[in-house]
Amino acid sequence: MTGVDYLERIPNNVNLRDNRRLLRALEDWQPKFLQWWLDLGPEGFQATRAYLRTAVSVDKDGWAQFDYVKMPDYRWGIFLAEPEPDRRLIGFGDHRGQPAWPEVPGEHRGVLRRLIVTQGDTEPASVEQQRHLGRTCPSVYDLRNLFQVNVEEGRHLWAMVYLLHAYFGRDGREEAEALLQRHSGDTDKPRILGAFNEPTPDWLSFFMFSFFTDRDGKYQLASLQESGFDPLARTCRFMLTEEAHHMFVGETGVGRIVQRTSELMRQGKTDEVRKEGGIDLPTIQRHINLHYSVSLDLFGSEISTNAANYYTTGLKGRFEETKKDDDHRLKEATYPVTLLEGDRIVTREMPALNALNERLRDDYIADCQRGVDRWNQIIKKQGIDFELKLPHRGFHRAIGSFAEARVSPDGRVIGEAEWNANREEWLPGERDRAYLTSLMLPVSKLGRFANWIAAPARGINGKPVDFEYVRLD
Ligand code: BYC
Ligand code: FE
Ligand code: FE
């Protein structure tokens, strides 16, 4: 494998040293990134040392090295998965069977840049959304996980900025600047996609975000790792190795809250968990409803000519494209799509190419359901009769067919009156917000956890749960 050039200011496995122009452009962007990190990264912890993993090489054994670092000193680097030994062939669309492109094909330049910018924009957005959470961490273990996610999202930004600088010339450099100028929730220059402008005000929201929204990242990156543009494919392939931990943080985070809540319910023989200082299951359900629905929006419209074009031109494939047993061109194929027709919800066979967003959303939904099933197992084990559910895909949508209607969590098209009467029941409201805020008190004693969340089953990198994951002195 290519060694990682770790002594350089920008650790990389792309031979930056041999490309002075590119190196200079990136070295020019680096201090701007650092300034952004200092201004909008984890508030109050810039001088704190945390036990973080850093990628030092891209092979199986070497990509995760653990040590204490101050986050601004984290070695954000540029790592592409190794090229495949035989030059990779494009796996789908009109160019199927042709060699993957080492450079940007001129005719797809604008579209490809837009996809990379959209992907890149989400990474710093999430860091901005999460920047206040450190102050209210439920444990030192959780604090470390938050920071791990944050630095890796920072590295994902680097990954996209590298592609912009290396392959898109002046436009790319301008886009790289703009990635630091748009900010989550900013009224003038918001982030591109809806979910990345929502606040992440508390740790329940953070875990939900990591479960639902980082999982959109998994599915988008999995589609982009099929890309005919080889540098994008290899970049995304390596990003996916880091993404798994983000979803682990989300799934176990929510799972530990569910665990604690169930224990409090069983011990106190009561549904009124708030009296015991826990987070009641209906509040957890409302947060599922919110984060799931805004994350479903991230897949775009059910019927999308953009998606058809990305596929046909070889820019963005399907989830597990190579495992699929069909012609990988889809010109004649159809796919069932659930849509709103008037005030009815119907399922229609649509041209498969135009339905690719929906197909990816279906893969995502099945994956989310598996996680929810595991949460429900935790509840059941405590002997409690309650089931968490994913709401209907049409519930609370702002993008696509369902954006025009009000749909209840159980999938009925309803009127404004019924929506308004139930909104507080279905989505987090002021009362939840105030209660959760009252719970968010920092716990900094090693091995201790806030009352509303269970301890994890094990620590990080073989360390005990009460390990000093963050040096808070
Ligand atoms: N909000 O044909 P349509 C991650 C726009 S998460 C606002 O329906 P298309 C991460 C759309 O741009 C992964 N606008 O959609 C997670 C288009 O605008 P234009 C992020 C939206 O293009 C956690 C118009 O509506 N990666 O990594 O097929 C922490 C009609 O579009 C939204 C990507 O998204 C929305 N929700 O698909 C950190 C991958 N949805 O072009 C990181 C790259 C749609 O008409 N992006 N629009 O002006 C894409 O593949 C596509 O852009 C999308 C949209 C799937 C997002
Ligand atoms: Fe990311
Ligand atoms: Fe992530």
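None of the figures in this text is laboratory data; all of them are computed from the coordinates on show. Predicted model only: the values in this text are computed from it and were never measured. Here the Cβ is made from the backbone with ideal geometry for all residues, glycine too, and neighbour counts use every protein chain on show.
Taking 7 Å along the Cα-to-C-beta vector as the label spot, tell me the Gln35-Lys269 distance in nanometres, rounded to one decimal.
Between Gln35 and Lys269, the label points sit 6.4 nm apart.
Between Asp171 and Leu441, with labels modelled 7 Å along Cα→Cβ, what's the label distance in nm to one decimal, could you check?
Output for this residue pair reads 5.5 nm.
Sort 379-388, 242-251, 170-179, 206-215 by the packing proxy (mean of other Cβ within 10 Å over each peptide's residues), most packed first.
In decreasing order of mean packing, 379-388, 242-251, 170-179, 206-215 become 206-215, 242-251, 170-179, 379-388.
So for Ser223, Ser205, Ser408, fewest C-beta neighbours within 10 Å to most, what's the order?
Ordered by Cβ neighbours within 10 Å, fewest first: Ser408, Ser205, Ser223.
Choose one of Thr313, Pro105, Phe386: the residue whose Cα lies farthest towards the positive end of the charge dipole of the range 16-471 (beta-carbon charges +1 Lys, Arg; -1 Asp, Glu; about the Cα centre).
So the residue we want is Phe386.
With θ taken as phi - 60° and the coefficients 6.51, -1.76 and 1.60, list the Karplus ³J(HN,Hα) couplings across the range 72-83 in order, rounded to whole Hz; mark glycine and proline as x.
x, 8, 4, 8, 5, x, 10, 10, 10, 4, 4, x
Scan around Ile90 for amide H atoms under 5 Å from its own, H built in the peptide plane at 1.01 Å from N, and keep only partners 5 or more places away or cross-chain.
Gly97, Gln98, Ala100
Fewest first, what order do Ile116, Ile303 take by the number of other Cβ atoms within 10 Å?
Values: Ile116 27, Ile303 19.
The fewest-first ordering by Cβ neighbours comes to Ile303, Ile116.
Tell me, how many Å apart are the Cα centres for the range 289-325 and for the range 380-450?
Here the answer is 25 Å between Cα centres.
Would you kindly calculate the mean projected area, averaged across all directions, of the convex hull enclosing the Cα atoms of the chain, in square nanometres?
23.0
What dipole magnitude, in Debye to the nearest 20, does the range 16-471 give about its Cα centre under +1 on Lys/Arg Cβ and -1 on Asp/Glu Cβ?
The calculated dipole for the range 16-471 is roughly 1020 debye.
Give the Cα extents of the range 194-235 along the principal axes, in whole Å, largest first.
For the range 194-235, the Cα spread along each principal axis is 39, 17, 12 Å.
If amide hydrogens are placed 1.01 Å from N in the peptide plane, which non-local residues have theirs closer than 5 Å to the one on Phe229?
Those qualifying (amide H under 5 Å, at least 5 residues apart or on another chain) are Trp101.
In nm, to one decimal, how far is the Glu82 label point from the Arg431 one, both placed 7 Å along Cα→Cβ?
It works out to 5.8 nm between the two label points.
Compute the normalised compactness of the range 98-256: alpha-carbon radius of gyration over 2.2 N^0.38 Å, N being the residue count.
1.06
Hey, which of these cross-link pairs are over 21 Å Cα-Cα: Lys381/Lys463; Lys32/Lys70; Lys380/Lys463; Lys70/Lys189; Lys218/Lys381?
Working: Lys381/Lys463 27 Å; Lys32/Lys70 18 Å; Lys380/Lys463 30 Å; Lys70/Lys189 30 Å; Lys218/Lys381 30 Å.
The answer is Lys381/Lys463; Lys380/Lys463; Lys70/Lys189; Lys218/Lys381.
Let me check the size of the range 1-117 from its C-alpha atoms; what are the radius of gyration and Dmax in Å?
Computed over the Cα atoms of the range 1-117, radius of gyration and Dmax are 17.7, 52 Å.
May I ask you to sort Leu330, Leu339 by Cβ crowding, counting other Cβ atoms within 10 Å and putting the fewest first?
In increasing order of surrounding Cβ atoms, one gets Leu339, Leu330.
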